[in-house]
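Visitor: Below is a structure I'd like to ask you about.
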Amino acid sequence: MSDNKFDYYQQLFESISGIHYQIPTMLADWSLRNEQDVKDIISLVNDVLPYLQGAIDYTKEQAKRDLLMIDVDAVREYCDNVIKSGENSLILSDINKNIDTLNLEESVGNAYKEQLKTAFNSSFIPAYQAVKDLMDEVSLTGNNEEGLVKFKNGKEYYEDMLKGEVGTDMSVAEVKEYLQNKMLEVYQEMTTLIQENPDLANMTNLNDVKYSDFTSVSETLDYLKTAINTDFPKIDNLNYEIITVPDAWKDNFSPAAYLQGKIDAPIDTPELIYINGEYSQSLFGTIEHEGYPGHMYQHTYFKQQKNIPTVRYLIDYNGYSEGWATYVEWNGYKYAPVEDKDVLHLLSLNDKFTSIVIGLMDIGIHYDGWTYEDYKNYWKENFNIDDEEVMLEQYNLFIETPTNYLQYYLSGFLFEDLYNNASKELGDKFSAVDFHEVILSTGPAPFKILEKQVNKYINSNK
């Protein structure tokens, strides 16, 4: 047995991003380019049961060591939906549709579909039944509900995890101080904005703010791809497809998601963006986050760079990708086609303030040893919320996804710092387009490397 002090700390069945959740999405969107690809995906479906069995064995041992911290009920519910769908599963039907696009001889195509169905019934469905059974078992043995701080070496693991996932050299103590200072800055900016526009003080429901008159995700994306050209490098027109999240996935799916394209896919292969629910103009920022100038734009821009070793496309830092998308979403209000942007600016600042509070909650739970009561009191203090159901649901997400929010929010602020520092140093010589080109062409990297590249840009333009 390994002597690694962090053995069994990784959570495999997180309710939002666990492997049980990733497999159906991967299979449903698997590209079939030829007959060999069909054979490969049938083989993959056959491997789902033994693959998940390994994860099940790992999780059983994790539970024995009191190192499990997942939302058992959420995982069980997701698996139950998969099992109930059976042969009517959208995953199966989507793969069959992809087989049809290859125009194989009818008898050949039907034979592959039968093999796929057999694999689905003998491997895929039993695998999800096994995970569901696992959830029934571990709910009786042990599941940590108090954060990483309760684990031996948990604080050290959290600190290492934060540095690795965000891509920062800051310690947890430094991050905490940094966020507290950001809170004061954002609050002061909100106060100044309201002083300059007193009518903003009368805003009672920021959720009703209007961003546009657009009626679809595609219309919003088509607008954004040119609206952002004042601040971001131009990119070739992208071929994309908007997919509505299936009902069976809705409860365990984020409001929207960009599915990163394959590194060897032809340039005209559609980029995929999932939307959970009906379109609303309030999704303007979310569409920026996933589309232009967020994930889809950032990933494709880097992919179109020349003379970059292929291995670079395999390297990723959540802090880079999610931090970038958060950074552009926070500042994306300026591209909304409305005359008075002060309200949208206030909403953006409000989102930043909320993000800081959430980041501090993550540290509180996993590093400072907050109890559930401490957490609830912090909610009430900062948001005046005492809805037990809402707070408990959010608490469960904190527990099973340590540092997840910091990958978005801390990283978003670090990108802003790079921008603000470059703008301050260069003054009139600063170009937002050139600055963003430096970030985008560097690609996924820790912030130390990004800072080094930005400093080169500053020094070469002084």
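Visitor: Which FRET efficiency, nearest 0.05, do E35 and K234 yield, Cβ-Cβ r, R0 25 Å?
Guide: Efficiency at R0 = 25 Å is approximately 0.05.
Visitor: Oh, and also: Enumerate by residue number the GluC sites (Glu not before Pro) in the stretch 80-123 meeting two conditions: DSSP loop (anything except H, G, I, E, B), and at most 16 other Cβ atoms within 10 Å of the site's Cβ.
Guide: Answer by residue number: E105.
Visitor: In deg cm²/dmol and to the nearest 500, what is the mean residue ellipticity at 222 nm of the chain if only DSSP H runs of at least 4 residues count, each as -39500 (n - 2.57), divided by the residue total?
Guide: Roughly -19000 deg cm²/dmol at 222 nm, from the helical runs in the chain.
Visitor: Now, a different point. Sort R76, R65 from largest to smallest accessible area, using a 1.4 Å probe on the heavy atoms of the protein chains.
Guide: Final ranking, largest accessible area leading: R65, R76.
Visitor: In 10 Å bins starting at zero, report the fraction of Cα pairs in the stretch 132-219 per bin as a rounded %.
Guide: Bins of 10 Å from zero give 12, 20, 19, 26, 19, 4 percent of pairs.
Visitor: In the structure shown, do any of K250/K303; K5/K352; K64/K97; K250/K452; K97/K132 have a Cα-Cα gap over 32 Å, and if so which?
Guide: K5/K352; K64/K97; K250/K452
Visitor: Here is a follow-up. So, how do all the Cα-to-Cα distances of the chain break down into 10 Å bins, in percent, from 0 on up?
Guide: Each 10 Å bin holds this share of Cα pairs: 4, 17, 27, 28, 17, 6, 1, 0.
Visitor: Do any GluC sites (Glu not before Pro) in the stretch 296-379 lie in a DSSP loop with no more than 12 other beta carbon atoms within 10 Å, and if so, which?
Guide: Answer by residue number: E339.
Visitor: Something else: Using DSSP to call loops (not H, G, I, E or B), can you name the GluC sites (Glu not before Pro) in the stretch 233-310 whose Cβ has at most 14 other Cβ atoms within 10 angstrom?
Guide: Filter output for the stretch 233-310: E278.
Visitor: If you split all Cα-Cα distances of the stretch 230-357 into 10 Å bins from zero, what percentages do you get per bin, shortest first?
Guide: 11, 38, 36, 14, 1
Visitor: OK, next. Per residue, how much accessible surface does the chain expose to a 1.4 Å probe? Answer in Å², no decimals.
Guide: 48
Visitor: In whole Hz, with x marking every Gly and Pro, tabulate ³J(HN,Hα) for the stretch 44-50 from phi via Karplus 6.51 cos²θ - 1.76 cosθ + 1.60, θ = phi - 60°.
Guide: So the Karplus estimates, Gly and Pro as x, are 4, 4, 5, 8, 4, 5, x Hz.
The values are calculated or read from the model by the stated rules, or taken from the named source; none is laboratory data. None of these values were measured; they are calculated from a predicted model. A quick note on method: Cβ atoms are made from the backbone with ideal geometry, for glycine too, and the neighbour counts reach across all protein chains shown. Heads up: the accessible areas ignore ligands, DNA and RNA and are worked out on the full protein's heavy atoms, side chains in. Shrake-Rupley method; radii C 1.70, N 1.55, O 1.52, S 1.80 Å.
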